[in-house]
1. When residues of region 253-282 are filtered for being touching a residue at least 12 places away in the same chain (Cβ under 8 Å) and assigned to a loop (DSSP other than H, G, I, E, B), how many remain?
2. Considering Lys174, Lys164, which residue is farther than 20 Å from Glu237 by Cβ, at pLDDT 90 or above and not in a loop (DSSP other than H, G, I, E, B)?
3. Can you tell me how many residues in region 202-220 are more than 17 Å from the chain's Cα centre (by Cα) and either buried (at least 23 other Cβ atoms within 10 Å of the Cβ) or not aliphatic (A, V, I, L, M) (or both)?
4. Of Asp51, Asp110, which residue is acidic (Asp, Glu) and over 30 Å from Glu255 (Cα atoms)?
5. Mind counting the residues in region 226-252 that are under 26 Å from Arg119 (Cα atoms) and part of a helix (DSSP H, G or I)?
6. Pick out the one residue from Arg154, Arg223 that is part of a loop (DSSP other than H, G, I, E, B) and either exposed (fewer than 15 other Cβ atoms within 10 Å of the Cβ) or modelled with pLDDT of 95 or more (or both).
7. Of everything in region 130-142 that's touching a residue at least 60 places away in the same chain (Cβ under 8 Å) and part of a loop (DSSP other than H, G, I, E, B), which residue is surrounded by the most Cβ atoms within 10 Å (Cβ to Cβ)?
8. Collect the residues in region 212-230 that are of a type in the set (D, E, K, R) and more than 13 Å from Thr109 (Cβ to Cβ), keeping them in residue-number order.
Amino acid sequence: MASTNRENDQVLVEEKSFVRVFTLNRPKQLNALSGAMVSRLSELFHACADDSSVKLIILKGKGRAAINVSILNGIVMGGGVGASIHGRFRVATENTLFAMPETALGHFTDVGASYFLSRLPGFFGEYVGLTGTSLDGAEMLACGLATHFVPSERLSMLEEALVKADSTLKMINKCFSRRTVEEIIANLEIEVADKNDDWISSTIRSLMKASPISLKISLRSIREGRLEGIGKCLVREFRIVYHLLQGVVSKDHIEGCRAILIDKDMKPKWMPSKIESVSNEMVDCYFSKIDDDDDREDLKLPVNSNLPAYVIAKL
């Protein structure tokens, strides 16, 4: 019983008339989602779905890493992205820090990222998903990941971010629209030789540090997501996660977590170590249907008509 109470304390619940406020309560862990939290949130969301009196759900985080469906006021990464980014209203502030750093961990852009990243303007989704670059609140608004921005003091930071985003978007579209990861990097290298731009150099460094197989998985997943709804995206990502955790083709996810999160030597040894060594056949394995002989099955999703059809860019 005591264990159950501790698990329930990880998600605090407030009832305010027709509003339900769910607060993630693991501030020391930056509100990283635990298994107990996922189960509790699932239970709470299903209860709200069955309660006709509930008209609004607010999800937020206690401490400095906040994940709010209404206000993205803090660090928004990993499970926090999945818990918040699919909401209808996503309000960013000057404290927002969004990123999808999965390729640096030998993982791939999941939590429905192939759906919402593929629907960003041009090929901005490929840029965000492959490089793991961080976005502030104004940049989230500019590209459509946030629907509103509420600065605490002034609007100038939003204007500056919009100008910055506009100045780089043409370059992003030119390079990240290429068919393969190799072609994306090759085009960036051509541009940096011509312009000697710090942003392009930084982008190339981010790509070269990432897991080669994670880059190719993420690019293909985002591209396929352009033509699919959120349901098919989640089913495909579930398959990729399953095969990735099996570690049959590559153990980059384990190695990435070791180097970045555990030992923190920041020197993962990727296998394969070169992008050109990752074959299409290797990538295909991650997208294959889960074999029934493994006592596993593909993700089964409930029918839900309230999911957003697309994001709306501000550019």
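The values are calculated or read from the model by the stated rules, or taken from the named source; none is laboratory data. Here the structure is a predicted model, which is why all the values come from computation and not from measurement. Cβ: placed from backbone, ideal geometry, glycine included. Neighbour counts: every protein chain shown.
1. Residues of region 253-282 touching a residue at least 12 places away in the same chain (Cβ under 8 Å): 253-257, 260-261, 268-278, 282.
Subset that is assigned to a loop (DSSP other than H, G, I, E, B): 268-274, 278.
Final tally of qualifying residues: 8.
2. Values: Lys164 fails: at pLDDT 90 or above.
Checking each option against the conditions leaves just Lys174.
3. Of the residues in that region, 6 qualify.
4. Working: Asp110 fails: over 30 Å from Glu255 (Cα atoms).
Result: Asp51 is the single residue among Asp51, Asp110 that is acidic (Asp, Glu) and over 30 Å from Glu255 (Cα atoms).
5. The number of residues fulfilling the criteria is 15.
6. Working: Arg223 fails: part of a loop (DSSP other than H, G, I, E, B).
Exactly one of Arg154, Arg223 is part of a loop (DSSP other than H, G, I, E, B) and either exposed (fewer than 15 other Cβ atoms within 10 Å of the Cβ) or modelled with pLDDT of 95 or more (or both), namely Arg154.
7. To start, the set of residues in region 130-142 that are touching a residue at least 60 places away in the same chain (Cβ under 8 Å) comprises 130-133, 137, 140-142.
After this cut, where a residue has to be part of a loop (DSSP other than H, G, I, E, B) as well, the list is 132-133.
Details: Gly132: 21, Thr133: 17.
In this case the residue turns out to be Gly132.
8. Arg226, Glu228
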